[in-house]
Amino acid sequence: ATRVIDIGGRITETGDPLDSQPGPVQPCHSLHPPPPPHLAWLWPFKETVRKCAQSWVTALQLMEQNPEFIFAFSQVQQLEWVKSHYPGLYSRLQEFASRGQFVPVGCTCVETDGNLPSGEAMVRQFLQGQNFFLQEFGKMCSEFWLPDTFGYSAQLPQIMCSIICSIRCFLTQKLSWNLVNCFPHHTFFWEGLDGSHVLVHFSPGDSYGMQGNEEVLKTVANNRDKGRANHSAFLFGFGDGGGGPTQTMLDRLKRLSNTDGLPRVQLSSPRQLFSALESGSGQLCTWVRELFLELHNGTYTTHAQIKKGNQECERNLHNELLSSLALARSAQFLYPAAQLQRLWRLLLLNQFHDVVTGSCMRWWQRMPYIRSRGNTLLSNAATGLCAGEPGPEGLFIVNTLAWKLTEVMALPKPGGAHSLALVTVPSMGYAPVPAPTSPQPLLPQQPVSVVQETDGSVTLDNGIIQVRMDPTGRLTSLVLVASGRLAVGNQFVLFDDVPLYWDSWDVMDYHLETRYGKPVLGQPGTLSVGTEGGLRGSAGFLLQISPNSWLSQEVVLDIGCPYVRFHTEVHWHEAHKFLKVEFPAGVRSSQATYEIQFGHLQRPTHYNTSWDWARFEVWAHRWMDLSEHGFGLALLNDCKYGASVRGSILSLSLLRAPKAPDATADMGRHEFTYALMPHKGSFQDAGVIQAAYSLSFPLLALPVPCRAPATSWSAFSLSSPAVVLETVKQAESSPQSRSLVLRLYESHGSHADCWLHLSLPVQEAILCDLLERPDPAGHLPLWDNRLKLTISPFQVLSLLLVLQPPPH
């Protein structure tokens, strides 16, 4: 059969701050531009602006000389930089876009990482990106391109499909880098976590920077779906550092349009390619759930401060909820839409796949800015919620999660001191601070007891779990009181970490053979009692990891809390070492469960096959769990991603020490928290998902310059624990209106009928897509301030609420 190879140019894959200043623009065809002094990946932000303009000037010249030439571009951020700094060039790009030669394909703001960003951050990539394309080019993208990202979440198909006139086509080439297994397809259907399907094409040339030489023959010979798909893409041009295609490349490829003995090549658009693939897709195979890259596993851990900053910023922007509630309750409150959009754009920029992964030079200075500005907006929203209640400065407690929370909090006292209080706040609402003069109520659970043994060990017990630690902080016993089941752990382990290829990107499986410290690491420390019981019990210790590095840890158990927390500080000064913490669970299961965006999935705990073996280091978000029938152990965390479960041992990756491209990566001081939660029954029924959220999103004590509310109030609550209300925000399309968007998802992997209870003045409720466009058939009836929702396993649901006019 005749092979038709579709052609599309592509440029640099970089990311810069929003206010970069570029240099002069000249056409450039250099494969390796000279390295600049300050780096984003291997160049500074301002250099990327210049590279974009330089590449596109060259592309425009080629379009003028070759009317059949089509150039594909994939990142909104690059277009915005060019629009800002080179408006004349931008106008010409729009002109050639209207001719069909300059083609948007990316859908998102940047070529985001496919593993580490939260589900809401991924939605915002599409929301911001597609709205820009619609506004500036008159249409949205129909193809999603992520050529160089380090693996692809099982929720990406649903996010692509959850858009009216959805994105059904996806292109990449990165799985050709698999270190262990050769991925078996180049054209196939990809089935996501919820059952959504998209058509996927991998360029069989295994590159997005081909030049029209022998790669054309490789593209045909390497196609693993011959007979099922007889078309494939040939992506040519100088990538990475920019430059794009050249006239020489075009001339070579034109000569292949009809040459005996060689593949038939034609210049065409991405839409033409996927139309050809769709027309013959009846025999294509289907790949289910995640597309896991068997390489670059070190990026889940490298540059721990970037990971921590990323999660802190995601948590900070989650507090957009309070601005939404203030908008609904106060006619005077002005929703900070422009400020929030800018903060989101800065975060999305940081989630470019060579930044949040840590495979770049040090440049994440914008994360503190996001946190600082986000805190200011949070304070303004808190004041807006209390508007109309004048009085002395007050304090109230806010719960940003969609279920009731009861927590031990350290609340301020006169004179700068703090006291512990047990506080309960309803779902997505607030409660007053307990008065310090009020009598202590009867505790609803057994108080925490703290006992220091004669051998130096300490036992903490809150009636739910009992923890015993030796002087090194290692758990010699963790007992779930209701079942009597026991686990051990908190064992710190150090490994040599010398990858075959790229320091910051990779960790190899043979690092597991270089384990230091068995059964304990370093010299025994001194275990001391911190808080002596009642509402909270704690003990702390100091541990020398190596001659150059040490850690301290406070182990905390609160009244009524189903997990024990480990607040950790590490001073890390190593080279090519990998620090992990391990928990032998005493559980037998062939599968462990890991949280991903808007859901979870299972991965093997054994190495039966090469596909299992290649997942010796995987990624997770807030929790992972190992369970057998009736009992399980969950490991929660607030800013780590690298993880593994081998046999019955849960392992959380803490710190690496690569030396390239950034020789200072991970050096210095780190703070983070993880927690251990034994449970009866399944992790769903035991509330592991809610516990992980509460660890990352604790109650907030917010001061306001007015009288704080005297009673509790809840904006939203849900009747089913399986459904998570992840996001509440103002509707994007109507910044002047009083409309909110709610994003919910099913978290257990089950069908659920759920009532959403509302305390806001809602006039109308409509289902909408992820771009917030109403579904014409999506109107929901209101039943006494309740909405009935039917949701399928792992489904993400967006809901548009039109609020009633505020009272005057």
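Filtering region 531-557 down to residues that are closer than 11 Å to LEU460 by Cα and either among the aliphatic types (A, V, I, L, M) or not assigned by TED's automatic domain parsing to the domain that holds ILE464 (or both), which residue is farthest from the chain's Cα centre (by Cα)? Restricting to residues being closer than 11 Å to LEU460 by Cα and either among the aliphatic types (A, V, I, L, M) or not assigned by TED's automatic domain parsing to the domain that holds ILE464 (or both), the top hit is ALA539. A search for C-beta distances below 6 Å between a residue of region 313-337 that is under 12 Å from PHE697 (Cβ atoms) and any residue that is modelled with pLDDT under 95 and surrounded by fewer than 20 Cβ atoms within 10 Å (Cβ to Cβ), counting only pairs 6+ apart in sequence or on different chains, returns ASN316/ARG371. Within region 605-642, restricting attention to residues that are more than 27 Å from PRO184 (Cα to Cα) and aromatic (Phe, Trp, Tyr), which residue is nearest to the chain's Cα centre (by Cα)? My answer is TYR641. One residue stands out among those in region 40-70 that are within 29 Å of the chain's Cα centre (by Cα) and not in a helix (DSSP H, G or I): the one that is surrounded by the fewest Cβ atoms within 10 Å (Cβ to Cβ), which is LEU42. Scanning region 282-308 for residues that are part of a helix (DSSP H, G or I) and either of a type in the set (A, V, I, L, M, F, W, C) or free of Cβ contacts under 8 Å to residues at least 60 places away in the same chain (or both) turns up GLY282, GLN283, ALA304, ILE306. With the structure loaded, tell me whether LEU262 is part of a loop (DSSP other than H, G, I, E, B), surrounded by fewer than 17 Cβ atoms within 10 Å (Cβ to Cβ), among the aliphatic types (A, V, I, L, M) and out of contact with any strand residue (DSSP E or B) (no Cβ under 9 Å at 6 or more places or on another chain) or whether it fails that test. Spelling it out, LEU262 is indeed part of a loop (DSSP other than H, G, I, E, B), surrounded by fewer than 17 Cβ atoms within 10 Å (Cβ to Cβ), among the aliphatic types (A, V, I, L, M) and out of contact with any strand residue (DSSP E or B) (no Cβ under 9 Å at 6 or more places or on another chain). Output the qualifying pairs, or none if there are none: Cβ atoms under 7 angstrom, residues six or more apart or on different chains, first residue in region 695-717 and free of Cβ contacts under 8 Å to residues at least 60 places away in the same chain and β-branched (Val, Ile, Thr), second residue part of a strand (DSSP E or B) and surrounded by fewer than 20 Cβ atoms within 10 Å (Cβ to Cβ). The qualifying pairs do not exist here.
In the set (1) over 22 Å from the mean Cα position of the chain (by Cα); (2) more than 18 Å from ALA620 (Cβ to Cβ), ARG743 fails one condition alone, (1). Taking the numbered list (1) surrounded by fewer than 17 Cβ atoms within 10 Å (Cβ to Cβ); (2) part of a helix (DSSP H, G or I) in turn, ARG345 passes all entries but (1).
If you go through region 676-691 one residue at a time, do you hit one that is assigned to a strand (DSSP E or B) and closer than 30 Å to HIS573 by Cβ? Yes, region 676-691 contains at least one residue that is assigned to a strand (DSSP E or B) and closer than 30 Å to HIS573 by Cβ.
Residues that are in contact with a strand residue (DSSP E or B) (Cβ under 7 Å, 6 or more places away or on another chain) and among the β-branched types (Val, Ile, Thr) within region 281-328 comprise THR286, VAL288, THR301, listed in sequence order.
Is region 185-198 home to any residue that is surrounded by fewer than 23 Cβ atoms within 10 Å (Cβ to Cβ) and more than 30 Å from GLY749 (Cα to Cα)? No, there is no match, as no residue in region 185-198 is surrounded by fewer than 23 Cβ atoms within 10 Å (Cβ to Cβ) and more than 30 Å from GLY749 (Cα to Cα). Residue selection: ASP662 satisfies the criterion of being crowded, with 19+ Cβ neighbours inside 10 Å, more than 20 Å from the chain's Cα centre (by Cα) and not hydrophobic (A, V, I, L, M, F, W, C).
The values are calculated or read from the model by the stated rules, or taken from the named source; none is laboratory data. Keep in mind that this is a model prediction, so the values were computed, not measured. All Cβ positions, glycine included, derive from the backbone under ideal geometry; neighbour counts span all protein chains shown.
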